[in-house]
Amino acid sequence: MKKVIYKITYPNGKIYVGKDLTNTLTYFGSVNDLLVKKDFTEDQMKSFTITKTILFESEDIEEINKVESKLILETRANNPDFGYNMWPKFRNKL
């Protein structure tokens with residue numbers, strides 16, 4: 001069965017990168033709702049459009065697990081300025 005790594009893009013441009021081991025069309029990840037919600041007003045939440053993009057596909061779960069963390073880091077989805085991923089932990093290298 002094909003497994004995927006996807007990127008969710010929110011209206012503010014921030015992203016969430018995750019994996020779906022069942023390749024379900026309507027699965028949009030397990031992003032922390034409170035992190036996302038704080039970035040939007042009540043009015044903005046009344047009409048909310050997100051985009052789901054498939055970044056990678058594989059039948060191999062080990063490959064999916066390895067590539068997921070790589071893509072989170074590459075896209076900076078774990079940096080609170082750019083995304084909502086809480087893992088791997090963001091380390092500011094200033």
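Applying the selection to region 12-29, what residues are on the phi < 0 side of the Ramachandran plot, touching a Gly at 6+ places or on another chain (Cβ under 7 Å) and either open to solvent by 70 Å² or more (accessible area, probe 1.4 Å) or not in a strand (DSSP E or B) (or both)?
K14 - this is the single residue of region 12-29 that is on the phi < 0 side of the Ramachandran plot, touching a Gly at 6+ places or on another chain (Cβ under 7 Å) and either open to solvent by 70 Å² or more (accessible area, probe 1.4 Å) or not in a strand (DSSP E or B) (or both).
Taking region 55-79 as the region of interest, how many residues are open to solvent by 80 Å² or more (accessible area, probe 1.4 Å) and either in contact (Cβ under 8 Å) with a residue 40 or more places away in the chain or outside any loop (DSSP other than H, G, I, E, B) (or both)?
The qualifying residues number 7.
With of a type in the set (F, W, Y), at pLDDT below 95 and farther than 21 Å from K3 by Cα as the only criterion, which of F48, F82, F40 stands out? First the steps, then the outcome.
Numbers: F82 fails: at pLDDT below 95; F40 fails: at pLDDT below 95.
After applying the criteria, what remains is F48.
If I filter region 43-54 down to residues being not acidic (D, E) and not in a strand (DSSP E or B), which single residue comes out as most open to solvent (accessible area, probe 1.4 Å)?
Per the criteria, the residue is K46.
Residue by residue through region 1-11, note down the ones that are hydroxyl-bearing (S, T, Y) and either modelled with pLDDT under 95 or not in a strand (DSSP E or B) (or both).
Keep residues of region 1-11 that are hydroxyl-bearing (S, T, Y), which gives 6, 9-10.
Across region 1-11, the qualifying residue is only Y10.
Restrict the check to region 55-62 and report whether at least one residue is under 13 Å from the mean Cα position of the chain (by Cα) and either at pLDDT below 95 or of a type in the set (S, T, Y) (or both).
Within region 55-62 (the criterion being under 13 Å from the mean Cα position of the chain (by Cα) and either at pLDDT below 95 or of a type in the set (S, T, Y) (or both)), the answer is no, since none of the residues qualifies.
The values are calculated or read from the model by the stated rules, or taken from the named source; none is laboratory data. Model, not experiment: these values are computed from the prediction. FYI the Cβ positions are ideal-geometry reconstructions off the backbone, even for glycines, and counts take in every protein chain you see. When the accessible area is computed, the model is the full protein with side chains, heavy atoms only, and any ligands, DNA or RNA have been set aside. Shrake-Rupley method; radii C 1.70, N 1.55, O 1.52, S 1.80 Å.
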